[in-house]
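Only the coordinates and a few stated rules stand behind these numbers; no lab work does. Only a predicted model underlies this, so the values are computations on that prediction, with no experimental measurement involved. Here the Cβ is made from the backbone with ideal geometry for all residues, glycine too, and neighbour counts use every protein chain on show.
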Amino acid sequence: MPTLLSPITPAVTRPEGVRVRRIPRVVGADAPVPLRDGGRIPYANLDYAASAPCLEAVHEAVARALPYYSSVHRGAGYASQVTTAAYEEARETVRAFLGAWRRSAVVFTRNTTDSMNLLAHAVPAGTSVVVFETEHHASLLPWRRAVRLPAPATPAEAVSAADRALRSCPVGPRLLVVTAASNVTGELWPVAELARAAHRNGARIAVDAAQLVPHRPLDMTALGLDYAAFSGHKLYAPFGAGVLAGRADWLRAADPYLKGGGASASVGATTRWAPAAEQRHEAGSPNVLGAIALAAACTALSSRWDEIAAHEQALTGRLRAGLSALPRVRELSLWGGRAPRVGIASFTVDGWNARDVALTLSEEHGIGVRDGRFCAHPFVRHLAGGGTAVRASLGLGTTEEHVDRLLTALAGLTGR
């Protein structure tokens, strides 16, 4: 049989010993957008936390895959074999990216919301779930039986509150659900300590890693995480794929999340479901290009974490220092300005509705930000006194000029 081509691994490699120290590039970084006055300006995309643009490396991986795109797992033809190999290679790339245990399940989904709903479908009957009200709705809403904890005043209080709540749960399966990095404030949660608290109470921990993995590496094994979920569209792979990775037993025991072709081992008078978690919960024709795109993003980021962190930290410091210098702008924070965080800053502007701020930034300055409650309504209400906020989020295509343009525009809005 001929060697199968891989759409994930580029055909050209660098000479041995040569290292190019630059961050991965995104598609459309300099795309022009119209302004209210009829002019045009390069877009300042400060909305990465909602959806990140496509990496050039991801675009190239998808282009390489398209000529061989075919059915997965069922075809004997060459294209089907190439596509199946690429799809399963993508699964292993994601496993390595997450530092997941070799026998963990890695299930491709649509996004983080889909992943968390799959896990909620699979938890055993009677499972007690503990979740903080600070979560994104993807992690807050899917559970049948959940104890919601209020926003903790400190990271240490988050650990102690989770410890107490899990200890008080009824006898039976227990699950702690927590974010790795807040989609509202960017603050990093103490997931290793929370994992230890979960395990000493006989519980498992599921981590929403959607806002962490575009900025920092995640090692599930080192951190002691039972489950992790994230979305390709936040990881510079906007092709409709997400991941749920973690312990396979609950997933293998549950009926398929979707019932259909691929999920079954045999169908007759009775149906016997596929024993592997990945097969059981990936019914139908899978999103092959989404999986390939997501894996390509994982590969591109994994080789550049130092450069990515340095780029982000410099821009985040510049943004937050500039916001703090504006007297009518208040940055939202749960644990104070010195808490470690990824490149996300949410804020309010005295005398301005958040929607009006966002529209003005877009129409007059070519800046894209998010406004509202960011699918984290209880948390934003807690931080913003019941109101809404503006969120600026940074990524690989963000420049100093983008940050300075935002700060200058806000200074104009606030009269300074």
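Can you compute the radius of gyration and Dmax for region 198-238, using only the Cα atoms, both in Å?
Every Cα atom of region 198-238 included, Rg and Dmax give 11.8, 38 Å.
Once you charge only the Cβ atoms, +1 for Lys and Arg and -1 for Asp and Glu, what is the size of the charge dipole of region 62-302 about its Cα centre, to the nearest 20 debye? Write out the running numbers ahead of the final one.
Numbers: 23 positive and 17 negative charges, 105 e Å.
With only Lys, Arg, Asp and Glu charged at Cβ, the dipole is about 500 debye.
Using the 2.2 N^0.38 Å rule of thumb for compact globular proteins, work out how region 142-283 stacks up: its C-alpha Rg over that value, please. Don't skip to the answer; put the middle values down first.
Values: Rg = 17.2 Å, N = 142, 2.2 N^0.38 = 14.5 Å.
Normalised Rg, Cα atoms only: 1.19.
Around Val147, which amide H atoms from residues at least 5 apart in sequence, or from another chain, sit under 5 Å from its own amide H, with H modelled in the peptide plane?
Distant-sequence amide H within range of Val147: Val129, Val130, Val131.
Say R0 is 60 Å: what FRET efficiency, to the nearest 0.05, do Arg272 and Ser302 get from their beta-carbon distance? List each step's numbers first, then the result.
Working: r = 38 Å, r/R0 = 0.64.
In this case the efficiency is close to 0.95.
Can you tell me the Rg and the Dmax, both Å, for the Cα atoms in region 118-176?
Using the Cα atoms of region 118-176, the pair Rg, Dmax is 11.4, 33 Å.
Once each part is reduced to its C-alpha centroid, what is the distance from region 134-168 to region 345-373 in angstrom?
Between the Cα centres of region 134-168 and region 345-373 lies a distance of 30 Å.
Given bins 10 angstrom wide, list per bin the percent of all Cα-Cα distances in region 290-399, short to long.
The calculated distribution, bin by bin, is 12, 39, 32, 15, 1.
For the pair Ser70 and Thr399, how long in nm is the line joining their label points, each one 7 Å along Cα→Cβ?
Simple spin-label model gives 4.4 nm for this pair.
What percentages, rounded to whole numbers, describe P(r) for the chain computed over all alpha carbon pairs with 20 Å bin width beginning at zero?
26, 54, 19, 1
I'd like to know how region 62-302 sits against the 2.2 N^0.38 Å rule of thumb: what's its Cα Rg over that expected value?
For region 62-302, the normalised Cα radius of gyration comes out at 1.02.
For region 157-165, in order, what is each residue's ³J(HN,Hα) by Karplus, 6.51 cos²θ - 1.76 cosθ + 1.60 with θ = phi - 60°, in whole Hz (x at glycine and Pro)?
Per-residue couplings from phi come out as 5, 4, 5, 5, 5, 5, 4, 5, 5 Hz.
Could you derive backbone 3J(HN,Hα) for region 366-383 from the dihedral phi with the Karplus parameters 6.51, -1.76 and 1.60 (θ = phi - 60°), listing whole Hz in sequence and x where the residue is Gly or Pro?
Values, residue by residue: x, 10, x, 10, 10, 10, x, 10, 6, 6, 9, 4, x, 5, 5, 4, 4, 7 Hz.
With the crude spin-label approximation of a point 7 Å out along Cα→Cβ, what separation in nm comes out for Glu363 versus Ala310?
4.2
Rounding to the nearest 20 debye, state how big the charge dipole of the chain is about its Cα centre with +1 on each Lys and Arg Cβ and -1 on each Asp and Glu Cβ. Working shown, then result.
Working: 44 positive and 35 negative charges, 178 e Å.
My answer is approximately 860 debye.
On full extension of the chain, what length is gained from Arg25 through Ala321, given 0.36 nm per residue of separation minus the C-alpha to C-alpha distance? Can you show the working numbers first?
Values: separation 296, 0.36 × 296 = 106.56 nm, distance 2.59 nm.
Separation in residues times 0.36 nm, less the Cα-Cα distance, equals 104.0 nm.
Report the label-to-label distance for Lys259 and Val171 in nanometres (one decimal), using points 7 Å from each Cα along the Cα→Cβ vector.
So the two model labels end up 3.3 nm from each other.
Taking N as the number of residues in region 349-403, what value does Rg over Cα atoms divided by 2.2 N^0.38 Å take?
Expressed relative to 2.2 N^0.38 Å, the Cα Rg reads 1.22.
Could you give the radius of gyration (one decimal) and Dmax (whole number) of the Cα atoms in region 60-134, in Å?
16.7, 50
Principal axes first, then extents: for the Cα atoms of region 78-186, list largest minus smallest coordinate on each axis, whole Å, largest first.
Sorted largest first, the three principal extents are 56, 34, 24 Å.
Positive end of the charge dipole of region 197-333 (Lys, Arg +1 and Asp, Glu -1 on Cβ, about the Cα centre): tell me which of Ser285, Leu212, Ser324 has its Cα farthest that way.
Ser324
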